[in-house]
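The values are calculated or read from the model by the stated rules, or taken from the named source; none is laboratory data. Model, not experiment: these values are computed from the prediction. No Cβ is skipped: glycine too gets one built from the backbone with ideal geometry, and neighbour counts run over all protein chains shown. Note: areas computed on protein heavy atoms with side chains; ligands, DNA, RNA excluded. Shrake-Rupley method; radii C 1.70, N 1.55, O 1.52, S 1.80 Å.
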Amino acid sequence: MTTTTWHVHDDLLAAYVAGRLDAIVGASVEQHVARCADCRAATTTLVDPQLLAQGWDAVRDTVQSPALPLPVRLARRCGLPESTAVLLAAATSLRTAWVVGSFLALTFATLAVVLAGGELLAPFLLVAPLVPVVGVAAAYGHQQDPLETLVVTAPYGRTRLILVRTLAVLASVLPLTILLGLFLPGPAWIAAAWLGPALALVPTLLALSSFVGPRIGIAVVALGWSAVVLFSLRGLPATWPVGATQQLGYLAVAAGSVVVLAVRARRDRRIGAVL
Amino acid sequence: MNAVELTAVTKTYGRTRALDAVDLTFDRGVTGLLGPNGAGKTTLLRIVATSIGADSGDVRLLGRDPHGSHAELTAIRRELGYLPQELGYPGDMTAFGFVEYVAVLKEWNDRRRRLREVRRVLELVGLGTMATKRVSRLSGGQRRRVALAQALLGDPRILVLDEPTTGLDPTQRADLRRTLSALGGHCAVLLSTHQTEDVAALCERVVVLAGGTVRFDGTVTDLVATAAGRVWLCDDPGPDALVSWRTGTGRHHVVGGTPPPGAVAAEPTLEDAYLLMLGVDAHDVRAPA
């Protein structure tokens, strides 16, 4: 509401809009303009419309564009391109809650092993390789990707999207898991040995998923790995699941899966991607 | 060069032949695909949208071969907008977030330009004020419009719309018609529908598909003209009519067959012509009342 009949002179208003006034005069003009509708209206003709539109666009960008989850924001700080961040933000397993949950599960497994005093490694060996692989499966989104039909026909490419998300999930959980592995009792190589099955299970899951979808794929992989760890509990040494011979087996499975994936990806490149 | 050129395109699913040696070309303007369920409409649209490949025949999109190199396929996809018949929506995404996500998949990498484009297409489908609402909170018609918005990203040269009018009320349908007719000036719009009114109001050209083959290809007026003298209004259902139904006035609208006694010739509609074109298949479309 206008409480005064006095209005800012045109020249003064122009100087104010252009930012040419000193602090004191500028502040008093601003005080007046904030309360006087007539003077506010007079400024609109003086402001560059393009500048105004840019200002509004920036406000809308901030309000309308969805906020990125914390793990993705951290990745942005480390140089992740902004457009890739948008794609990653849609993945369930890159949300803050998921990453925190993974960390808690791993911490409890590590704690169990530490309290058992080196006799039992199974809890850690069971959980550590499964955390990244479950994360990769969940990165497809619930019920695979609801946008599947669009992803397939988009220039970005489905294979590229899956690989980018897989790498992001691995980057989000592997450093923490490696860190926790350092607390394990027993030989020092155990801290890194679980990486063998962990890295083998991921291509296995991707290869399986390309046939049966990530839901069944992850069920098969999780049951398979659990079976290996549980088998080792029947009188075998605690480090058996990550022993040298077994690691070679995992390597063979991983290599086989990569070959399957490569063949599938070539078909994916052709029209009519694998659904 | 036509935007879309299909020559002897065939696609089979198991024993079902969804498309049987279809020859069609499309260029700028809105073309409507009509046909009963299972006629091959969706298969045809999916082939043009590069979602599936044809088993045999030649497909040329914007002069390029989608079965060719990866670079060629990507070049086509950059100029293509596609609204699938069914689309899942991640429930926790907002309308804006959804369209933005697709925009990134369509390689809008510059943030400012991308967000401006997302706003533009949401305005275009009349959802400018709904942008920050979650997709799960939107009505069926609004969701359909969100899906349409993503297809319009980047002003594509080929726009493939599989039943875009499903779930829209008459006002929204009229808005869609306005949007599409504006687009038809510079882009090849290909849409499928069950609604003959949509085709009559919107499309310069109509293609009737049945059993995987093209039954008619021409203008809407030409299709309507094929029914001239074969539609009547009378007091009886008509002994050998293809289809007939009782209208609100109590008289029977009789399509095809021989004119019953006392029949008065009626102005044929696009639907009458469409039903006659399908012949015996028409019973799949509209069961006689």
Quiz prompt | Accessible area of B:Arg116 in the full protein assembly, 1.4 Å probe (Å², nearest 10) | solution = 120
Exercise. Compute the accessible area per residue over chain A, keeping the other protein chains in place, probe 1.4 Å, unit Å².
Key: 53
Exercise. Report, for the protein assembly as shown, the % of DSSP beta bridges that are antiparallel, rounded to 5.
Key: 60
Quiz prompt | Unit Cα scatterers, Debye sum, the range A:40-96: log10 I(q)/I(0) for q = 0.23 Å⁻¹ | solution = -0.89
Self-check item: Reachable lysines, given that their alpha-carbon falls under 26 Å from the alpha-carbon of B:Lys106 and they are not under 8 places away in the same chain
Solution: B:Lys41, B:Lys133
Exercise. Please give the peptides B:14-26, A:156-168 ranked by average Cβ packing (other Cβ atoms within 10 Å per residue), highest first, as a rough proxy for protection.
Key: A:156-168, B:14-26
Quiz item: Rounded to the nearest 10 Å², what accessible area does B:Met277 show when all protein chains are kept and the probe is 1.4 Å?
Solution: 40
Quiz item: Scaled to the compact-protein estimate 2.2 N^0.38 Å, what is the alpha-carbon radius of gyration of the range B:103-153, rounded to two decimal places?
Solution: 1.11
Self-check item: Rounded to the nearest 10 Å², the accessible area of A:Thr92 at probe 1.4 Å
Solution: 50
Self-check item: Fluctuation leader among B:Pro66, B:Pro170, B:Pro260 - chain B, Gaussian network, Cα springs under 10 angstrom
Solution: B:Pro170
Self-check item: Long-range amide H partners of B:Arg215 with built H, under 5 Å
Solution: B:Val208, B:Leu209, B:Ala210
Quiz item: Computed FRET efficiency, Cβ-Cβ of B:Asp65 and B:Ser139, R0 35 Å: what is it to the nearest 0.05?
Solution: 0.30
Practice problem: Kindly compute the accessible surface that chains A and B hide from a 1.4 Å probe when together, both sides summed, and give it to the nearest 100 Å². | Solution: 3300
Exercise. Please work out the FRET efficiency for the pair B:Asp27 and B:Asp169, using the Cβ-Cβ distance as r and a Förster radius of 30 Å; give the result to the nearest 0.05.
Key: 0.45
Quiz item: When the Cα atoms of chain A are enclosed in a convex hull and the volume is divided per residue, what value in Å³ results?
Solution: 201
Practice problem: Do me a favour and compute the ellipsoid semi-axes for the range B:218-279 from its Cα gyration tensor, root of five times each eigenvalue, largest one first, whole Å. | Solution: 20, 11, 10
Exercise. Would you mind giving the three semi-axes, in whole Å and largest first, of the ellipsoid equivalent to the range A:32-161 according to its Cα gyration tensor?
Key: 48, 22, 11
Exercise. Within a 10 angstrom radius of each residue's Cβ in B:114-126, how many Cβ atoms of other chains show up on average? Whole number is fine.
Key: 2
Quiz prompt | Rounded percent of accessible protein surface that carbon and sulfur make up, the range B:174-289, 1.4 Å probe | solution = 53
Quiz item: At a 1.4 Å probe radius, carbon and sulfur cover how many percent of the accessible area of the range A:1-115?
Solution: 65
Quiz prompt | Residues B:Arg116 and A:Leu233, FRET efficiency given R0 of 56 Å [Cβ-Cβ distance, rounded to 0.05] | solution = 0.40
Quiz item: Running Debye on the range B:1-149 with equal point scatterers at the Cα sites and no solvent, what base-10 log of I(q)/I(0) appears at q = 0.19 Å⁻¹?
Solution: -1.18
Quiz prompt | 1.4 Å probe accessible area per residue over the range B:1-136, in Å² | solution = 40
Exercise. List the extent of the Cα atoms of the protein assembly as shown along each of their three principal axes, largest first, rounded to whole Å.
Key: 100, 85, 46
Exercise. Compute the Rg to Rh ratio over the range B:1-87 from the alpha carbon atoms, using the Kirkwood formula for Rh, and round to two decimal places.
Key: 0.94
Exercise. Calculate how many DSSP beta bridges within the range B:148-289 are antiparallel, expressed in % of all such bridges and rounded to the nearest 5.
Key: 75
Quiz item: Once you have the alpha carbon radius of gyration of the range B:43-113, what is it after dividing by 2.2 N^0.38 Å, with N set to its residue count?
Solution: 1.30
Quiz item: By residue number, which cysteines of the protein assembly as shown lack any other Cys whose Cβ falls under 4.7 Å from their Cβ?
Solution: A:Cys78, B:Cys187, B:Cys203, B:Cys234
Exercise. Compute the distance in nm between two label points, each set 7 Å from the Cα along the Cα-to-Cβ direction, one at A:Thr5 and one at B:Arg78.
Key: 6.6
Quiz item: Rg to Rh ratio, the range B:114-258, alpha-carbon atoms and Kirkwood radius?
Solution: 1.09
Exercise. Would you tell me the mean number of C-beta atoms belonging to other protein chains that fall within 10 Å of each C-beta in B:49-62, as a whole number?
Key: 2
Exercise. May I ask you to compute the full-extension gain from A:Ala262 to A:Ala112, defined as 0.36 nm times their residue separation minus their alpha-carbon distance, rounded to one decimal in nm?
Key: 50.1 nm
